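Working notes for the structure below.
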């Protein structure tokens, strides 16, 4: 059973999602970071920040000739939880920062997106096979992923932790702080990779290893924390900050590592320069800042878009 009505509302939103995805406002900020605007208002923001975007001819000219001719691109979108990408209450309409960024860039390029919802862990392999032109899902840019995938960055997010209010855990500055605990995270994510690659450090320090439990569904992940089957959640910084405002008895612990987040493409894609120019064009016309403000993620702003930059250390 869920502890509170707030948890029930949050799970009602997330249970309609297919898979896992990945701040600032004028309102007082909760501990651990500024409050996302959607949570501060007690409702999903509906401000239209995309329709005014105009085609940027310089960016559009960078598209390959076949794309300019067809005027369309296939987009695989991982739809999970606010504020990144999620379904509205009708269970069909996607919303979120990722949705707005993709739509704004498409308008700047003068193309139509053929959006298809796909599972987080299926998108990157599908890009490699040529099934989709581009993918979104709060994909962190890592050196491992850069070997097979090209990225065009548009925000900076990263890894963080959340716990129940009664947890004695105060801050995770090193993964050995998790020794002996059960950690819940998303399947097929950078969080799972980070946890598994570093699990040996507990044994090296003579401590009991932490147990990693992965979930493809965000509702199940948060229920595991609320019910005490997990001690801590590792996920995106923005997603965690939003989630703890929607559920009583939880708190954001701390940021652990920042990562650039980008549109994902097949390695060697000719689309990257056009997308980079389009992201920078919506930064120049103010659309970029309006999207971040709408979703309460102004702390995730980047100075300029980059193509497959090295992983942040």
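The values are calculated or read from the model by the stated rules, or taken from the named source; none is laboratory data. Owing to the predicted nature of the structure, the values given are computational and were not obtained by experimental measurement. In this analysis, Cβ positions are derived from the backbone assuming ideal geometry, glycine residues included, and neighbour counts consider all displayed protein chains.
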As an exercise: evaluate residue 26 against (1) surrounded by fewer than 22 Cβ atoms within 10 Å (Cβ to Cβ); (2) at pLDDT 50 or above; (3) assigned to a loop (DSSP other than H, G, I, E, B) and give the number of the one condition it does not meet. (2)
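Would you check if residue 50 is at pLDDT 85 or above and in contact with a strand residue (DSSP E or B) (Cβ under 7 Å, 6 or more places away or on another chain)? Outline the logic, then answer.
Values: at pLDDT 85 or above: yes; in contact with a strand residue (DSSP E or B) (Cβ under 7 Å, 6 or more places away or on another chain): no.
Taking the combined requirement at face value, the residue does not satisfy it.
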Test: residue in the stretch 269-283 that is surrounded by fewer than 19 Cβ atoms within 10 Å (Cβ to Cβ) and farther than 30 Å from residue 44 by Cβ: yes
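Sort out for me the helices (runs of 4 or more DSSP H) sitting completely within the stretch 38-125 that have 1 or more residues that are buried (at least 20 other Cβ atoms within 10 Å of the Cβ). I'd like the intermediate steps shown before the answer.
On the way: elements: 57-60, 65-70, 97-109.
Counting at least 1 such residues, we get 57-60, 97-109.
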If you check 256, 252, 275, which single one turns out to be within 30 Å of residue 63 (Cβ to Cβ) and touching a strand residue (DSSP E or B) at 6+ places or on another chain (Cβ under 6 Å)? 275
Check the stretch 241-249 and report whether any residue there is within 21 Å of residue 80 (Cβ to Cβ), out of contact with any helix residue (DSSP H, G or I) (no Cβ under 7 Å at 6 or more places or on another chain) and either modelled with pLDDT of 95 or more or crowded, with 19+ Cβ neighbours inside 10 Å (or both). yes
Does at least one position in the stretch 140-153 carry a residue that is more than 16 Å from the chain's Cα centre (by Cα) and more than 22 Å from residue 312 (Cβ to Cβ)? no
Just need a number here: residues in the stretch 140-188 that are part of a loop (DSSP other than H, G, I, E, B), touching a helix residue (DSSP H, G or I) at 6+ places or on another chain (Cβ under 7 Å) and crowded, with 23+ Cβ neighbours inside 10 Å. 0
